[in-house]
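The values are calculated or read from the model by the stated rules, or taken from the named source; none is laboratory data. Just so it is clear, the model here is predicted, and its values are computed rather than measured. Note that we place each Cβ from the backbone using ideal geometry, even for glycine, and neighbour counts take in every protein chain shown. Heavy atoms of the whole protein, side chains included, go into the accessibility calculation; ligands, DNA and RNA do not. Shrake-Rupley method; radii C 1.70, N 1.55, O 1.52, S 1.80 Å.
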Amino acid sequence: MTTPPADAHLPFADKSDPRFFGKDILSISQFSRNDLETVFAVAREMSQIVEHGGGSELLKGRVLTNLFYEPSTRTSSSFVAAIERLGGSVIQINNVTYSSVSKGESLGDTVRTMESYTDAIVLRHPEMGSAAEAAIAATKPIINAGDGAGEHPTQALLDAYTIYEEMGAIDGLTVTMLGDLKYGRTVHSLARLLALFNVKINYVSPAILRMPLEFVSEVESAGIEQVVTSDLKAVLEDTDVLYVTRIQKERFDDQVEYEMVKDSYVVDADTMRCAKERMIVMHPLPRIGEIATEVDQDPRAAYFRQMEYGLYVRMALLALVLGKA
Ligand code: NCD
């Protein structure tokens, strides 16, 4: 008698892609350019599935846990929409004060509990490294939905997919990241991801909110040209993708410091007049005034379209991780 493969209990195992199936998604570092191309291709299929009938039964019977220790609108609801559009369901834990966490339960024990009931756990947590810690405790896939000021890999994947769909390619572009590059986890993951392409990256921020050296050195060793400045005007006219971020108030130890930098940049109609005709403005959202609402009508404003691309990317990731693409 032959021993069944370890994943034999999973109905889609025969069609799974071993690069993704059953794997954690903890950091952008785990992806190759080829992996990204697969995610983009599956995301595109997902957009067609949604367009043609709203969804499919690909993940029927699958149950996801959304475990959120920090606020979220987009990440949390797009994972709900993604699993439900693929025929699965979700247990949503987003108010940990009403769960055993408020009794002092450790992250590891909470994760072990939820994996007894569900097939994968999407985790958002205020501490850097928490997703990796959860992955050690868990046997089922952990998807990092933001670990403090660390990383936000699924956001970077949807950001890259947005760039790819809107601009037709990622190679050859100049991407300018603006705002809180120190605490903004989305830009940490995005810088890592862009290092897999032939791009130029400008980092525009107040001096105290610069992109951490760790990321700059890593991107540098990939041979990517990078510019660090506080002056948006100096780089705006060469920019193909302007990626705006919120100053991350909740990460400052000193709120006086936050007050000093909170209004450093506002992208408005004037900014857009100085920008290329063919470029896009992105933002992971929420925005707190760093993009004036007058920009929303500009066809180059891609931040609302970005959310829809996010649904397709998260559907793709769930399909790949839970076994079928
Ligand atoms: C971002 C996050 O949580 O890091 N939001 C998101 O996931 N779309 C950005 C932010 O909170 O500023």
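Results for (1) in contact (Cβ under 8 Å) with a residue 40 or more places away in the chain; (2) within 21 Å of the chain's Cα centre (by Cα), shown as yes or no for each residue.
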| site | (1), (2) |
| --- | --- |
| Ser27 | yes, yes |
| Ala81 | yes, yes |
| Gly87 | no, no |
| Gly104 | no, no |
| Thr110 | yes, no |
| Ser116 | no, no |
When residues of the stretch 277-290 are limited to those that are closer than 19 Å to Ile163 by Cβ and out of contact with any helix residue (DSSP H, G or I) (no Cβ under 7 Å at 6 or more places or on another chain), the one nearest to the ligand (Cβ to nearest atom): Arg287
Has the stretch 182-193 got any residue that is in contact with a strand residue (DSSP E or B) (Cβ under 6 Å, 6 or more places away or on another chain) and assigned by TED's automatic domain parsing to the domain that holds Val281? yes
Could you please tell me which pairs satisfy a Cβ distance under 6 Å, a separation of 6+ or placement on different chains, a first residue in the stretch 125-148 that is among the polar types (S, T, N, Q), and a second residue that is assigned to a loop (DSSP other than H, G, I, E, B)? Asn144/Leu26
What helices (runs of 4 or more DSSP H) lie completely within the stretch 175-236 and have 2 or more residues being modelled with pLDDT of 95 or more and of a type in the set (D, E, K, R)? 185-194, 213-221
Taking the stretch 128-165 and keeping only residues that are part of a helix (DSSP H, G or I), over 20 Å from Pro286 (Cα atoms) and either of a type in the set (S, T, N, Q) or within 14 Å of the ligand (Cβ to nearest atom) (or both), one is left with Ser130, Ala131
Mind checking whether some residue in the stretch 44-51 is more than 16 Å from the ligand (Cβ to nearest atom), assigned to a strand (DSSP E or B), in contact (Cβ under 8 Å) with a residue 24 or more places away in the chain and open to solvent by 40 Å² or more (accessible area, probe 1.4 Å)? no
